[in-house]
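Chemist: Please read through the structure below; I'll follow up with questions.
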Amino acid sequence: MNVEPNAAEGAGEAVLYQGRLHWTIFVRPVMLACLALLLLTSDNLIVGIIVLPIALAFWVMALTANSNSAQLITAERVRLSHGRIYRHRVEIPLAQIDRVKLKQDTMGRMLGYGTLIVESSRGDHASCANLSDPSEFQRQLEVAAGLAE
């Protein structure tokens, strides 16, 4: 799925934990595809033809986001990256991590996804939205960084 773990292992770093995006990133494309199919089979053929490429675009964006994101905890750092055309990658050494925050709404708690925010002593902030099982990622990161109580 992701290329990033191999890059970390090639640099001599052991990957302690790898996160992934939650399946809910595909909800919007599925709903749009269902709407397009419903419109194509009804009297609204023109609207269905318009909605179909929009649904396809949302599928491409969700698949690209899923395949081009990496959430890694290595023996030396945490690495959060996403994006295909504009690559956004933040690496924070474990020794410099001050705080790990988790944001989850009610739906996120029920379905098991949320946003993880990592703050460093240098003032860097890294976040990852739609992370699957963010509390486990938070726990693993706190243990690796020595923040666990």
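The values are calculated or read from the model by the stated rules, or taken from the named source; none is laboratory data. Treat the numbers as computed from the prediction; the structure is a model and nothing was measured. All Cβ positions, glycine included, derive from the backbone under ideal geometry; neighbour counts span all protein chains shown.
Chemist: Free of Cβ contacts under 8 Å to residues at least 40 places away in the same chain and among the polar types (S, T, N, Q), is that true of GLN104?
Modeler: Yes: the conditions hold for GLN104.
Chemist: Which residues, taken from region 90-120, are in a strand (DSSP E or B) and of a type in the set (S, T, N, Q)?
Modeler: THR115, SER120
Chemist: Additional query: Looking at region 97-114, can you tell me whether even one residue there is hydroxyl-bearing (Ser, Thr, Tyr), within 12 Å of the chain's Cα centre (by Cα) and not assigned by TED's automatic domain parsing to the domain that holds PRO29?
Modeler: Yes; the residues of region 97-114 include at least one that is hydroxyl-bearing (Ser, Thr, Tyr), within 12 Å of the chain's Cα centre (by Cα) and not assigned by TED's automatic domain parsing to the domain that holds PRO29.
Chemist: Might you let me know whether region 52-70 holds any residue that is closer than 26 Å to ALA14 by Cβ, in contact with a strand residue (DSSP E or B) (Cβ under 7 Å, 6 or more places away or on another chain) and either among the basic types (Lys, Arg) or at pLDDT 95 or above (or both)?
Modeler: Looking for residues that are closer than 26 Å to ALA14 by Cβ, in contact with a strand residue (DSSP E or B) (Cβ under 7 Å, 6 or more places away or on another chain) and either among the basic types (Lys, Arg) or at pLDDT 95 or above (or both), one finds none in region 52-70, hence no.
Chemist: Out of all the residues in region 59-93, which are surrounded by 19 or more Cβ atoms within 10 Å (Cβ to Cβ) and more than 19 Å from THR115 (Cα to Cα)?
Modeler: THR74 - this is the single residue of region 59-93 that is surrounded by 19 or more Cβ atoms within 10 Å (Cβ to Cβ) and more than 19 Å from THR115 (Cα to Cα).
Chemist: Out of curiosity, is SER127 surrounded by fewer than 20 Cβ atoms within 10 Å (Cβ to Cβ) and farther than 12 Å from VAL78 by Cα?
Modeler: When the stated conditions are applied, SER127 does not pass them.
Chemist: Yes or no: ARG84 in contact with a helix residue (DSSP H, G or I) (Cβ under 9 Å, 6 or more places away or on another chain), charged (D, E, K, R) and at pLDDT 90 or above?
Modeler: No; evaluated as a whole, the condition is false for this residue.
Chemist: A further question on this structure: Note down all Cβ pairs under 6 Å where the first residue falls in region 24-48 and is surrounded by 13 or more Cβ atoms within 10 Å (Cβ to Cβ), the second is outside any helix (DSSP H, G or I), and they're at least six residues apart or on different chains.
Modeler: Once the first residue is surrounded by 13 or more Cβ atoms within 10 Å (Cβ to Cβ) and sits in region 24-48, its partners that are outside any helix (DSSP H, G or I) give THR24/TYR113; ILE25/ASN130.
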